[in-house]
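To keep things clear, I will list the structure first and then write my remarks on it.
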Amino acid sequence: VFTADEEAGSALGSKWMAAEGYLHGDAAIIGEPCGVLSEWENIGVVSRGGLLFNIHVKGTQMHSSVSDRFDPVNATVEMAWLIQRMHAQMKDYLTYRPHHLGGLGPTVNVGVLAEAGVYYGVYPGNAWFGCDIRLVPGMTPESVTADLERFLDDAMAANPRLQAELEIIGGIEATEIPFDHPVVNALQHASSHVLGRRLEPAIFPGATDAYSFQATAGIPSVAAFGPGYLPRAHSPNEHLSAGGVYEASRIYALAALKYLTE
């Protein structure tokens, strides 16, 4: 299955296909790159979820030539203050348990997008910035939203000039498949033959289409098992090696044969 729109939440891809009943199968393997430091590091049996959100900051929009004669609120300055505070403190507000597989917790990415002001001569009355938080199993978009609201309440109490509102863009929970699921065993068998070493279950740091396949379509899914390096994704030089693609084709074929004959 080839899908689209995965970076934007898969509303036009696997999410739509799953909701419309077009995804069928006994198991699925998502071909995300399972390497972080080296290619073919492990089998991603867990994928973290994600929550995407914006925070809007209000200020006093006016002619900038007289800003020193009043006490206006600069939305850009207050946004910068809030970004620094969120970067330093937000993870401490999150309610979660580190996953037993490697102890991985959530990741907070502050200011992945930002915009402020109108033009020269206009004192900034509005600003906003976007963030994403990667969720581990047990966290939900609703629980993280509550944590965010608590953080913003405390921030506004600490800074009376700050007026901030939370806008949730979307979110999904993490997915997980049992370590001893037949499709995991099949991948371990196939990778041992092709790569000459046994790969162990691990957590994939990002979110993948596994949520659509597993949570919506009910298909047990390996969240990430494919060629490439995850840090290279989204970079100017994003690519896969020809050797990695060749190895993937052999592993997938052997894994399918193993899974379907046992």
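The values are calculated or read from the model by the stated rules, or taken from the named source; none is laboratory data. Just so you know, these numbers come straight off a predicted model, no measurement behind them. Ideal geometry is used to build each Cβ from the backbone, glycine not excepted, and the neighbour counts take in all protein chains shown.
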Going by the structure shown, is V73 surrounded by 12 or more Cβ atoms within 10 Å (Cβ to Cβ), farther than 30 Å from F179 by Cβ, among the β-branched types (V, I, T) and touching a strand residue (DSSP E or B) at 6+ places or on another chain (Cβ under 6 Å)? no
Out of contact with any Phe, Trp or Tyr (no Cβ under 6 Å at 6 or more places or on another chain), at pLDDT 95 or above and small (G, A, S): which single residue out of A114, A146 fits that description? A146
What are the residues in segment 10-51 that are at positive phi and in contact with a His (Cβ under 8 Å, 6 or more places away or on another chain), if any? none
Is it the case that E78 is out of contact with any helix residue (DSSP H, G or I) (no Cβ under 7 Å at 6 or more places or on another chain) and either assigned by TED's automatic domain parsing to the domain that holds A215 or under 22 Å from M139 (Cβ atoms) (or both)? no
Screening A88, A114, A127 for residues that are surrounded by 16 or more Cβ atoms within 10 Å (Cβ to Cβ), free of Cβ contacts under 8 Å to residues at least 40 places away in the same chain, more than 17 Å from E142 (Cα to Cα) and not assigned by TED's automatic domain parsing to the domain that holds I43 leaves only A114
Give segment 240-262 a look and list any residue that's in a loop (DSSP other than H, G, I, E, B) and surrounded by 11 or more Cβ atoms within 10 Å (Cβ to Cβ), or say none. L240, S241
So L52 passes all but one of these: (1) touching a residue at least 12 places away in the same chain (Cβ under 8 Å); (2) surrounded by fewer than 17 Cβ atoms within 10 Å (Cβ to Cβ); (3) of a type outside the set (V, I, T); (4) outside any helix (DSSP H, G or I). Which condition number does it fail? (2)
For segment 12-35, enumerate the residues that are at pLDDT 90 or above, part of a loop (DSSP other than H, G, I, E, B) and under 20 Å from the mean Cα position of the chain (by Cα). I30, G31, E32, P33, C34
Determine, yes or no, whether G130 is within 18 Å of A207 (Cβ to Cβ), touching a Phe, Trp or Tyr at 6+ places or on another chain (Cβ under 9 Å) and part of a loop (DSSP other than H, G, I, E, B). no
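Conditions (1) closer than 26 Å to F204 by Cβ; (2) of a type in the set (A, V, I, L, M, F, W, C); (3) within 18 Å of the chain's Cα centre (by Cα), marked per residue:
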{"position": "S38", "(1), (2), (3)": "yes, no, no"}
{"position": "H63", "(1), (2), (3)": "no, no, no"}
{"position": "E78", "(1), (2), (3)": "no, no, no"}
{"position": "D92", "(1), (2), (3)": "yes, no, no"}
{"position": "L113", "(1), (2), (3)": "yes, yes, yes"}
{"position": "Y123", "(1), (2), (3)": "no, no, no"}
{"position": "N126", "(1), (2), (3)": "no, no, no"}
{"position": "V136", "(1), (2), (3)": "yes, yes, yes"}
Can you find, within segment 218-235, the residue that is surrounded by the most Cβ atoms within 10 Å (Cβ to Cβ) among those that are part of a loop (DSSP other than H, G, I, E, B) and hydrophobic (A, V, I, L, M, F, W, C)? A223
Could you go through segment 236-252 and let me know if any residue there is more than 18 Å from L37 (Cα to Cα) and among the aromatic types (F, W, Y). yes
Does segment 227-249 include one or more residues that are more than 19 Å from the chain's Cα centre (by Cα), assigned by TED's automatic domain parsing to the domain that holds A19 and of a type in the set (D, E, K, R)? yes
